Amino acid sequence: MTTAIQVRKLTMVQAVTDALKTMLQEDESVIVLGEDVGKNGGVFRATEGLFDQFGEERVIDTPLAESGIVGTSIGLAINGFRPIAEMQFLGFIYPAFNQLMTHATRMRQRTMGRYTVPMVIRAPYGAGVKAPEIHSDSVEALFTQIPGLKVVIPSNAYDAKGLLIASIEDPDPVLFLEPMRSYRSFRTEVPEEKYTVELGKASYQKKGNDVTVLTWGAMVPDTMKAVEDFEKQQSASCEVIDLRTLYPLDKETIQESVEKTGRVVIVHEAPATGGMNAEIISVINDAAFFYLKAPVQKVTGFDTPVPVYSLEKEYLPSREKIIHAINQALSY
Amino acid sequence: MNMLEKFPITQYISEEGKTVHSEATDITADLVKLFYEKMLRARMMDKKCVNLQRQGRIGTYVPYEGQEAAQVGSALAVEKGDWMFPTYRDHAATMTFGHSLRNLLLYWVGRIEGGIPPEGKNIFPPAVPIASQLLHATGVAWAEKKKKTDRVSLVYFGDGATSEGDFHEGLNFASVFKVPVVFFNQNNGYAISVPMEKQMNSKTIAQKGLAYEIPSIRIDGNDIVAVYLETKKAVERARNGEGPTLIEAVTWRYGAHTTADDPSKYRDQAESDQRRTTGDPLLRLEKYMKNEGLWDEEWVTTMENKITNEINTALEEMQNYPDPSIDDVFENVFEKPTWTLDEQLKQHRSIKRGQMS
């Protein structure tokens, strides 16, 4: 009898739980804290079962105070723990912005490495689940501008587990954003054992020759569907890349693909102005400008607050908009 | 309920230097002399820094003159292994707890090294965003509790800080998780230009602990015996697993908020001048020492000379410190610099070299 690697098909939220459980088991210094993460198992059940298994000293229901959660996590991290703090929604993180911006990400520099902050902040984000107001923000670019912070976004269960474990093991603060629309919408194979997915590395979702489509989070499955529809009608082939880490970007993969195709579409649901599309265009400008055959196309949310849910479908990049942008890139 | 009656200002030594509290006798002659020496050292350092700033030899400086008893007395109440969380006005506390004078001076000339405590001393770099450090103190102390040690956090903040959300979140977290932290408030009456009565409708800061079921006390912050003994009690409570304490030390800053502002714009500085003759923490201890037969002019002169030498040595060390390097800025953003940092530093260096040749 051989022992095969145990692989299960998990949803993304199950993979998050699996990663947390793996690290709580492996490393005594890992603790999970946040609002309703204990007995209730989190509002999305991302921490389900962890309270029962690891107890209230390690899976901690905190008072309802985001700045308090992040601020005390900084202290815990500096004094020997690896806190994984949950923000119930990314739209609720704003009270903690000061702690993140002025302390978590600066402590290493301010003390030249004497004090470091190995913490992870997890937050579900993005629109498309008919959530109430403020629950659907996709403001990743607010955080990629913070020096000293890595910003990681998985698009599927396999990556969620591997990236989250890599984030927990990272010696510096990581913001780990979980696209809530993809939490339960599909499953992927996830090994039972511990593994990591390297931060700062993009992944090819699909190889192609004529146009590069760069995206992340919940836009990855949407983009894949749009590309599939597009390729049924057209002879051109698309290369789809899931960036997975927004800081630091995987410049090499972007460069490699753009040098091959010369045409680029960026898809993200965050607002356009100052969004990651601009940073990616800047990277392409530096790394592959002379390979471009067409202006870089972008499909983004609007420069409006994310609308309440009766209008969120109109806000989110649609299949039509993605296909339109691909055509624009190809026909230039 | 009258909060001024509920939280009277606890005093051990009166302005006239007389014992007014039964426990004041717990203080030994050696400890009294230590109090005086450390306060004198703090005051001399502060005066030196203000002068250095006026001569343009250090940058904008934050003076604490008048608050020496609050800072020195509380800092002497914690031990090695405990944690200290200062603001930018608390270098009398950090230097008493063991920070190096050289690094303190480096801080005021805009050097990163200024934020680093000596090896073995747990001192955070000064918190600039108001009240943010209360959460770090709570988190660090929470970690000590989880590790089952008896170490505690001592965190400083001013009267204005009690208006911030992080003050309330810090007290609440510490109370809920029964964390070994001492919240040491220095109520010097003003948050830059805004006086306490405009800052809050509360009559005291101590009463804010009531909401969180945190034992709170209001003390005379210019009475070092009161500060030391009451902080000691709070520290012992924390060590014994009895949770946080809020101390409101009522004090006064004689000078400006920083060397960049002019206090006469928002208050009558005659009050400060008058307080120098009546409420001064060093003067009070001097009177006490004279009353107790502990005062010795020769000893004071010896101390002054010793401290002058120490400060001058630190100043020399600061001035002779190796030039700052931009590499330190890049190397300490992450454990391992990212490619954007590598590229930026490389480009910066090559252009800098080109310009210099």
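What follows draws every value from the coordinates through simple rules; no lab data is involved. Worth saying up front: this structure is predicted, and the values here are computed from it rather than measured. All Cβ positions, glycine included, derive from the backbone under ideal geometry; neighbour counts span all protein chains shown.
With respect to A:Gln14, determine if the residue is more than 13 Å from chain B (Cβ to nearest Cβ), touching a His at 6+ places or on another chain (Cβ under 9 Å) and under 29 Å from A:Ser138 (Cα atoms). For A:Gln14, the condition - more than 13 Å from chain B (Cβ to nearest Cβ), touching a His at 6+ places or on another chain (Cβ under 9 Å) and under 29 Å from A:Ser138 (Cα atoms) - is not met. The set of residues in segment B:7-30 being touching a residue at least 60 places away in the same chain (Cβ under 8 Å), part of a helix (DSSP H, G or I) and out of contact with any helix residue (DSSP H, G or I) (no Cβ under 7 Å at 6 or more places or on another chain) consists of B:Ala29 alone.
Run B:Lys178 past the list (1) at positive phi; (2) at the interface with chain A (Cβ under 7 Å from one of its Cβ atoms) and report the number of the one that doesn't hold. That leaves (2) as the condition not met. Residues of segment B:295-341 that are within 14 Å of chain A (Cβ to nearest Cβ), charged (D, E, K, R) and either farther than 23 Å from A:Pro248 by Cβ or in contact (Cβ under 8 Å) with a residue 12 or more places away in the chain (or both): B:Asp327, B:Asp328. Among the residues making up segment A:73-96, those that are touching a residue at least 24 places away in the same chain (Cβ under 8 Å) and either facing chain B (nearest Cβ under 7 Å) or over 18 Å from the mean Cα position of the chain (by Cα) (or both) are A:Ser73, A:Ile74, A:Leu76, A:Ala77, A:Ile78, A:Gly80, A:Phe81, A:Arg82, A:Pro83, A:Pro95, A:Ala96. Count of segment B:246-264 residues, restricted to those that are closer than 28 Å to B:Gln207 by Cβ, part of a loop (DSSP other than H, G, I, E, B) and of a type in the set (D, E, K, R), is 1. Candidates A:Glu192, A:Glu198, A:Glu239, A:Glu228: the one that is acidic (Asp, Glu) and crowded, with 20+ Cβ neighbours inside 10 Å is A:Glu239. Considering segment A:160-189, and only residues there that are under 14 Å from the mean Cα position of the chain (by Cα) and of a type in the set (Ser, Thr, Tyr), the residue that is surrounded by the fewest Cβ atoms within 10 Å (Cβ to Cβ) turns out to be A:Tyr183. Within 14 Å of chain B (Cβ to nearest Cβ) and either under 27 Å from A:His135 (Cβ atoms) or of a type in the set (A, V, I, L, M, F, W, C) (or both), is that true of A:Ile31? Yes: the conditions hold for A:Ile31.
Taken over segment B:38-64, residues that are crowded, with 19+ Cβ neighbours inside 10 Å and not β-branched (Val, Ile, Thr) amount to 15.
Only residues that are part of a strand (DSSP E or B) and either within 19 Å of A:Thr144 (Cβ to Cβ) or of a type in the set (Gly, Ala, Ser) (or both): list them for segment A:230-274, please. Of everything in segment A:230-274, those that are part of a strand (DSSP E or B) and either within 19 Å of A:Thr144 (Cβ to Cβ) or of a type in the set (Gly, Ala, Ser) (or both) turn out to be A:Ile241, A:Asp242, A:Thr245, A:Leu246, A:Tyr247, A:Val264, A:Ile266, A:Val267, A:His268, A:Glu269, A:Ala270, A:Pro271.
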